[in-house]
Amino acid sequence: MPESLQQRVQRLVRATPVHDIHTHLYDPSIGSLLLWGIDEQLVYHYLVSEAFRQMDIPYERFWAASKEEQAQLVWDALFVRHSPVSEACRGILTSLNLLGIDPRRNDLPALRRWFAGWKPDAFIERVLDISNIGSICMTNSPFDEEERPHWETGFSRDPRFVAALRIDPLLVAWPATCHWLKERGYAVDPVFGGQTISEVRRFLADWTQCLDSRYCMVSLPPSFAWPAATDISRLISEAMLPHCREHGQAFALMMGVKRAVNPLLRMAGDGVGRADLEALQNLCAAHPDNRFLATCLSRENQHELVVLARKFRNLHPFGCWWFTNTPQLITEITTLRLELLGTAFTPQHSDARVLDQLLYKWAHSRQIIADCLARRYEAAELSGWPVSDDEIRRDTTELLGGGLNRFLER
Ligand code: HDL
Ligand code: ZN
């Protein structure tokens, strides 16, 4: 029985290594920060927020519990007392299955014993191999007290783990960040006096060099506007964008996040709001020599983002971020993008915080991306344009990071 077009595309998408453009994973040399294993998966903030809906435990009692106790509470709430039907719960099932574990025949102690049998480096290789990962882009913040010392002392880099300079506090928490910069020898002033702008650029240049970063990234609230009479607008115009042009860095904007909607949930407490993409439109129009990556957290922003990308070739939409990383919305957004942009975008990033999550995030997304792409090929074939395996392989390579790597190298 010859392969159907769907089967060919699924096979070729599975066989194409992916360059994961945004994760919260770390180079294995920063071993203590690279999370893996069943407990880390269960206390992932996506699951914590879902578990709290099924528990009466006071927030502080949960946070005071050990990681193992928290994991047991999540497991009992979402896998024992209820069926694991959410995407984050299904993710754990997929990851365990891909590791050869039957989740129905293993309770949490048995799962822990299985993971305890692995050495970190061997587990990393196993996960990267199964997930068919070409490279992983980290999220590297000089403002992270745990991470920064590793960069300051230096470590031997694993070339598969590339860096991205994350600078939210610089842009969204000015002037509070001034003090932090001054403490580290940058002569900055809350009201931009003296050498503030050149000193901010020196800070950006120092860390771009230290990380050998691929791009600069910031997440922005729905209220973000540009241009505007705000500190963030001035920092972007006078420091961020000139820095990116001088150092060949794209500027990645993650738009529409509402931080700490429910602070009692800690990292799980962030929410979503519709961003004003007029800001992105103005940035792309005013700075044709800058390259912008963008992803939006709100479903309502997705069509507008795609239409903006049609207008500005210096704008590269990427990913189904966070609350849009569900089968229904990945299908909707990827189809929208294919129908309006062809293959000139990057459909997904994992945003993985725990290494094991690469297994499910990429298994689930590859299947959907292949399904959406196959439907576009079917439409082309119906109009007299059959596609070859080589063409499918070329297009898939572009979608799974090849196009973005080219965009970043421009
Ligand atoms: O700001 C971000 O990079 C987000 O991805 C947050 O880290 C968020 O907590 C997350 O992990 N989403 O998937
Ligand atoms: Zn992220």
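The values are calculated or read from the model by the stated rules, or taken from the named source; none is laboratory data. If you're wondering where the values come from, they're calculated on a predicted model, not measured in any experiment. We place every Cβ from the backbone using ideal geometry, glycine too, and count neighbours over all the protein chains shown. The area values use the complete protein model at the heavy-atom level, side chains included, leaving out ligands, DNA and RNA. Shrake-Rupley method; radii C 1.70, N 1.55, O 1.52, S 1.80 Å.
General remarks:
- Unmet requirement for residue 97, which otherwise passes all of (1) away from ligand 1 (no atom under 16 Å from the Cβ); (2) within 25 Å of the chain's Cα centre (by Cα); (3) buried (at least 18 other Cβ atoms within 10 Å of the Cβ): (3)
- Across segment 318-336, the number of residues qualifying as surrounded by 22 or more Cβ atoms within 10 Å (Cβ to Cβ) and more than 13 Å from residue 366 (Cα to Cα) comes to 3.
- Test result for residue 353, touching a His at 6+ places or on another chain (Cβ under 8 Å) and either open to solvent by 20 Å² or more (accessible area, probe 1.4 Å) or within 16 Å of ligand 1 (Cβ to nearest atom) (or both): yes
- Failed item in (1) within 29 Å of residue 305 (Cα to Cα); (2) surrounded by fewer than 19 Cβ atoms within 10 Å (Cβ to Cβ); (3) within 19 Å of the chain's Cα centre (by Cα), with residue 218 passing the rest: (2)
- Among the residues of segment 119-143, those identified as assigned to a loop (DSSP other than H, G, I, E, B) and either free of Cβ contacts under 8 Å to residues at least 60 places away in the same chain or crowded, with 18+ Cβ neighbours inside 10 Å (or both) are 119, 138, 139, 141, 142, 143.
- Residues satisfying the stated conditions in segment 322-372, i.e. of a type in the set (D, E, K, R), within 16 Å of ligand 2 (Cβ to nearest atom) and touching a strand residue (DSSP E or B) at 6+ places or on another chain (Cβ under 7 Å): 353
- If the condition is being open to solvent by 10 Å² or more (accessible area, probe 1.4 Å) and within 16 Å of the chain's Cα centre (by Cα), then segment 300-317 contributes only 316.
- Given (1) open to solvent by 20 Å² or more (accessible area, probe 1.4 Å); (2) part of a helix (DSSP H, G or I); (3) under 28 Å from residue 362 (Cβ atoms); (4) more than 16 Å from ligand 2 (Cβ to nearest atom), number of the condition residue 77 does not satisfy: (1)
- Test: residue in segment 337-347 that is open to solvent by 30 Å² or more (accessible area, probe 1.4 Å), at pLDDT 95 or above and closer than 30 Å to residue 126 by Cβ: no
- Some residue of segment 264-272 being part of a loop (DSSP other than H, G, I, E, B), surrounded by fewer than 23 Cβ atoms within 10 Å (Cβ to Cβ) and within 13 Å of ligand 1 (Cβ to nearest atom): yes
- Within segment 208-219, residues that are over 12 Å from residue 250 (Cα atoms) and in a helix (DSSP H, G or I) sit with their Cβ atoms under 7 Å from residues that are open to solvent by 10 Å² or more (accessible area, probe 1.4 Å) and more than 15 Å from ligand 2 (Cβ to nearest atom), at 6+ positions apart or across chains, in these pairs: 210/151; 211/151.
- Contact map, segment 18-38: residues that are modelled with pLDDT of 95 or more and within 16 Å of ligand 2 (Cβ to nearest atom) paired with residues that are in a loop (DSSP other than H, G, I, E, B) and of a type in the set (Lys, Arg), Cβ distance under 7 Å, separation 6+ or inter-chain. Pairs shown: 24/353; 35/353.
- Among the residues listed as 115, 161, 192, the single one being buried (at least 17 other Cβ atoms within 10 Å of the Cβ) and at positive phi: 192
- Going through (1) under 22 Å from the mean Cα position of the chain (by Cα); (2) assigned to a helix (DSSP H, G or I); (3) away from ligand 2 (no atom under 16 Å from the Cβ); (4) under 30 Å from residue 61 (Cα atoms) one by one, residue 241 falls short only on (4).
- Neighbours by Cβ (under 8 Å, 6+ apart or cross-chain): first from segment 42-62, farther than 26 Å from residue 115 by Cα and away from ligand 2 (no atom under 16 Å from the Cβ); second open to solvent by 20 Å² or more (accessible area, probe 1.4 Å) and not in a helix (DSSP H, G or I): 54/81; 54/82
- Looking only at residues of segment 17-52 that are within 15 Å of ligand 1 (Cβ to nearest atom) and polar (S, T, N, Q), we find that the one that is surrounded by the fewest Cβ atoms within 10 Å (Cβ to Cβ) is 49.
- Long-range neighbours under 8 Å by Cβ, at least six apart or interchain, first residue at positive phi within segment 335-361, second assigned to a loop (DSSP other than H, G, I, E, B) and among the hydrophobic types (A, V, I, L, M, F, W, C): 351/321
- Residue match in segment 6-16 (condition: assigned to a loop (DSSP other than H, G, I, E, B), of a type outside the set (Asp, Glu) and open to solvent by 20 Å² or more (accessible area, probe 1.4 Å)): no
- Segment 155-194: number of residues that are in a loop (DSSP other than H, G, I, E, B) and within 16 Å of ligand 1 (Cβ to nearest atom): 4
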